[in-house]
Amino acid sequence: MVEIARERPEDVPHIDALIDVCFGPGRFAKTAYRLREGVNPVPELSYVAYEDKDLRGSLRFWPVMIGPMKALLLGPVVVQHDQRGRGIGIMLMEKAIAEAKAMGHRLIVLVGDEPYYAKVGFKPVPKGQMTMPGPVNLARLLYLELVEGALAEAKGVISRPVPDIKVAASSAPVVVA
Ligand SMILES: CC(C)(COP(=O)(O)OP(=O)(O)OC[C@H]1O[C@@H](n2cnc3c(N)ncnc32)[C@H](O)[C@@H]1OP(=O)(O)O)[C@@H](O)C(=O)NCCC(=O)NCCS
């Protein structure tokens, strides 16, 4: 039986190998990868599909900004070649999307095949509303609202998240005599 679980550190080499086989080195040239460079996937939304001890699939999400709005970038979702068509990709997405919603995320975007992602509710981003920081077929840019109305807030360039700036609290008040 296929089980969906949170990704653990020991899954990473198996996931990397699966991604490598499925996408090859060409993936690094893709604009979606630019958005992931130097950024960690959201750990609570990184899921794996296992059957017995065999990794069947993986799904990750990345934090992005769309203009000033925080959102999630879905991908890659990947399923072992000889295990496709068993519903594993959909199971991974349904689990992670439900978790993203429970965590309070508002909007997910991705670049992919609309007929596939429509199965879990994705729709094409209206023309002209968002762009990517590099070449991409914008007709393949899809969105899923986790909160009704969130799409209207997401306008502009999809970019890497701005790191939180930690302001050190001063240890003692400054007293001016
Ligand atoms: C895309 C992928 C993750 C789907 O995983 P999967 O476990 O086989 O998918 P599921 O079994 O959950 O869903 C199968 C259904 O989706 C359809 N489907 C799968 N890929 C599709 C695509 N690219 N476009 C349209 N429909 C697709 C199947 O025809 C099937 O439809 P049906 O249920 O009506 O018969 C898998 O094919 C894969 O790993 N591909 C290589 C990596 C990739 O391209 N990932 C997506 C880009 S990030």
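Being in a loop (DSSP other than H, G, I, E, B) and either of a type in the set (Phe, Trp, Tyr) or open to solvent by less than 80 Å² (accessible area, probe 1.4 Å) (or both) is the filter here; which residues of the range 1-42 pass it?
Narrowing the range 1-42 to residues in a loop (DSSP other than H, G, I, E, B): 1, 7-8, 24, 30, 35-42.
Those that are in a loop (DSSP other than H, G, I, E, B) and either of a type in the set (Phe, Trp, Tyr) or open to solvent by less than 80 Å² (accessible area, probe 1.4 Å) (or both): GLU7, GLY24, LEU35, ARG36, VAL39, PRO41, VAL42.
Listed here are the residues, each with its yes/no results for (1) within 14 Å of the ligand (Cβ to nearest atom); (2) at pLDDT below 95.
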| position | (1), (2) |
| --- | --- |
| GLY67 | no, yes |
| LEU73 | yes, no |
| GLY85 | yes, no |
| GLY89 | yes, no |
| ILE97 | yes, no |
| MET103 | no, no |
| VAL109 | yes, no |
| PRO115 | yes, no |
| GLN129 | no, no |
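If a residue has to be open to solvent by less than 10 Å² (accessible area, probe 1.4 Å) and either modelled with pLDDT under 95 or touching a helix residue (DSSP H, G or I) at 6+ places or on another chain (Cβ under 7 Å) (or both) to count, how many in the range 48-65 make the cut? I'd like the intermediate steps shown before the answer.
Residues of the range 48-65 that are open to solvent by less than 10 Å² (accessible area, probe 1.4 Å), as a first pass: 48-49, 57-59, 61, 64.
If we keep only those that are either modelled with pLDDT under 95 or touching a helix residue (DSSP H, G or I) at 6+ places or on another chain (Cβ under 7 Å) (or both) too, we end up with 48-49, 57-59, 61.
Number of matching residues: 6.
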Inset, instruction - Starting from the range 145-157, keep only residues that are at pLDDT 95 or above, then list their pairs with residues that are of a type in the set (Asp, Glu) whose Cβ atoms are within a distance under 6 Å, requiring at least 6 positions of separation or different chains. - result: LEU151/GLU145
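Take the residues in the range 86-127 that are among the β-branched types (Val, Ile, Thr) and within 19 Å of LEU151 (Cα to Cα); name whichever of them is most open to solvent (accessible area, probe 1.4 Å). Walk me through how you get there before you give the answer.
The first filter runs over the range 86-127 and keeps only residues among the β-branched types (Val, Ile, Thr), leaving 88, 90, 97, 108-109, 111, 120, 125.
From what is left, the residues that are within 19 Å of LEU151 (Cα to Cα) are 97, 108-109, 111, 120, 125.
On the way: ILE97: 23, ILE108: 0, VAL109: 0, VAL111: 47, VAL120: 23, VAL125: 16 Å².
Within the range 86-127, the match that is most open to solvent (accessible area, probe 1.4 Å) is VAL111.
Might you check whether a residue that is open to solvent by 40 Å² or more (accessible area, probe 1.4 Å) and closer than 20 Å to LEU146 by Cβ occurs anywhere in the range 77-85?
no
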Inset, instruction - Could you check LEU73 against (1) free of Cβ contacts under 8 Å to residues at least 60 places away in the same chain; (2) open to solvent by less than 10 Å² (accessible area, probe 1.4 Å); (3) closer than 19 Å to LEU141 by Cα and say which number it fails? - result: (1)
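The values are calculated or read from the model by the stated rules, or taken from the named source; none is laboratory data. All of these numbers come straight from a predicted model, not from anything done at the bench. Counting neighbours? That spans all protein chains shown, and the Cβs are built from the backbone with ideal geometry, glycine included. When the accessible area is computed, the model is the full protein with side chains, heavy atoms only, and any ligands, DNA or RNA have been set aside. Shrake-Rupley method; radii C 1.70, N 1.55, O 1.52, S 1.80 Å.
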